[in-house]
Amino acid sequence: MDLNLGSKSRTTSRALHVSHSTGPDLLRALAILLVMLWHLPPTATPALLTGLKPFSWIGVDLFFVLSGFLIGTQLLAPVARGERLDVRTFYLRRAFRILPAFLVVLALYAIFPVLWEAPDMQPVWRFVTFTMNFDLAYQLNGTFSHAWSLCVEAHFYLILPLILLLLAPIRSVVPALVLATVIVLMGMAIRFAIWNDVIGAKLETGEYKGLGFLYMKDIYYPTYCRLDGLVFGVLLAAAKIFWPDIWRRHADGRVMFAGGAVCVAASLMLLAYRGSLAPTPAHLPTLSLPGAVAAYPLFAFGCTLILAALIKAEALLSRSRLRGATLIAALSYSLYLSHKLVMHLDNLIVDADRLQGWMGLLFYFGTSFLAASALYLAVERPFLQMRGSVLVRSGS
């Protein structure tokens, strides 16, 4: 897939350095804080954040955009340099990155049912095979249900390298753009069809009970409905890598940030729209047809533009020394895995009536950060260091 259009490889290589950048770290920190707010007990939500909480699940979609950009950059960089894609090394790197901490938390859930934050838990094999996001009824087996988004990412890790291997010999950008467009449009079409078949059918009979659970199970969790952010993230990586001169000279960060803010605002309006579904819970990740079909890609596109703007402003942001955001970003994966477990333990140990408002938020978040730090230091970081040694020994 020769998308370089004659640009020099030296320029391309300079455009590839994205790891530990301040802009992505800011968004990663924001994403995990939003996810934690979504799972925070309502009584511990300060009045100032009550308007934000119903939409805080969008942190997951922000993670998808960031992941698409990061993974897209890792995989497309060697293609831009004319190198063969090393799929084995990529899978090895991903395995060392996500499996150790994930398996530790899964083992804790499996061995100690007292940690369950819901009545039941899906079989362990569904987690190990990353299939628990299909047919997930979170009102019944919602323990460790937030691993659904990791399943989506695992499927993305598996499939994207194979797609790139097929597209690499094609010396044109067109097939890649067509495929990305098809994936986004197919996601919209699938959500439209499922909404009409599941939600619409119940509305015709006047059945409102259980609509939220059906929406989550059939539309919100499955991988084939949630690829928008990952695709847009990959497209941003491709634009930055294969057209570095255009990116450097013509990509205006202010315009991209303004456009992204407009798209995000428009998507939130779609998510807030209920129409004929007013009797249903307002805190769910959208039940309306316009929201289900269009809000996800619109939000993902807006986040992608904002991410692009922050990357363009890296020189300015890096001088700000936003160490708090960098620390939260570093702990984000451990926080993601463990925060619901920790919040549940908090409720078992401390009287929930004493954990209200800002005091409750600080307690829940503080204990979550302590546990995530322990998980990071004891498991995540050692395996990342081991990954480097293994890759060096294997010559990758």
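The values are calculated or read from the model by the stated rules, or taken from the named source; none is laboratory data. Quick caveat, the model's predicted, so the values are computed rather than measured. Don't worry about glycine lacking a Cβ; one is built from the backbone with ideal geometry, like all the others, and counts go over all protein chains shown. SASA here: full protein model, heavy atoms, side chains in, ligands and nucleic acids out. Shrake-Rupley method; radii C 1.70, N 1.55, O 1.52, S 1.80 Å.
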(message) Suppose the filter is in contact with an Asp or Glu (Cβ under 7 Å, 6 or more places away or on another chain) and at pLDDT 95 or above; does SER7 pass it?
(response) no
(message) Every residue in the range 136-153 that is over 16 Å from TRP57 (Cα atoms) and open to solvent by less than 10 Å² (accessible area, probe 1.4 Å), please.
(response) LEU136, THR143, CYS151
(message) Between a residue in the range 130-147 that is more than 14 Å from THR223 (Cα to Cα) and touching a residue at least 12 places away in the same chain (Cβ under 8 Å) and any residue that is open to solvent by 20 Å² or more (accessible area, probe 1.4 Å) and among the acidic types (Asp, Glu), which pairs come within a Cβ distance under 7 Å, given they are 6 or more apart or on different chains?
(response) LEU140/ASP120; ASN141/ASP120; THR143/GLU117; THR143/ASP120
(request) Give the residues of the range 379-396 that are surrounded by 13 or more Cβ atoms within 10 Å (Cβ to Cβ) and either within 26 Å of the chain's Cα centre (by Cα) or among the aromatic types (Phe, Trp, Tyr) (or both), sorted by residue number. (result) VAL379, GLU380, ARG381, PHE383, LEU384, ARG387
(message) If I filter the range 228-244 for residues that are among the charged types (D, E, K, R) and modelled with pLDDT under 90, do I get at least one hit?
(response) no
(message) Looking at TYR336 and the list (1) open to solvent by less than 20 Å² (accessible area, probe 1.4 Å); (2) closer than 15 Å to ALA31 by Cβ, which single condition is not satisfied?
(response) (1)
(request) Taking only the range 39-68 into account, find how many residues are without any contact (Cβ under 8 Å) to a residue 24 or more places away in the chain, over 18 Å from SER149 (Cα atoms) and among the hydroxyl-bearing types (Ser, Thr, Tyr). (result) 1
(message) Take the residues in the range 339-378 that are acidic (Asp, Glu) and open to solvent by 60 Å² or more (accessible area, probe 1.4 Å); name whichever of them is modelled with the highest pLDDT.
(response) ASP351
(request) Answer yes if at least one residue in the range 214-226 is in contact with a helix residue (DSSP H, G or I) (Cβ under 8 Å, 6 or more places away or on another chain) and on the phi > 0 side of the Ramachandran plot, and no otherwise. (result) no
(request) Restricting attention to the range 220-255, report how many residues are open to solvent by 30 Å² or more (accessible area, probe 1.4 Å) and farther than 14 Å from GLY68 by Cα. (result) 11
(request) Would you please name the residue that is farthest from SER368 (Cα to Cα), looking only at residues in the range 346-356 that are part of a helix (DSSP H, G or I) and in contact with a helix residue (DSSP H, G or I) (Cβ under 7 Å, 6 or more places away or on another chain)? (result) ALA352
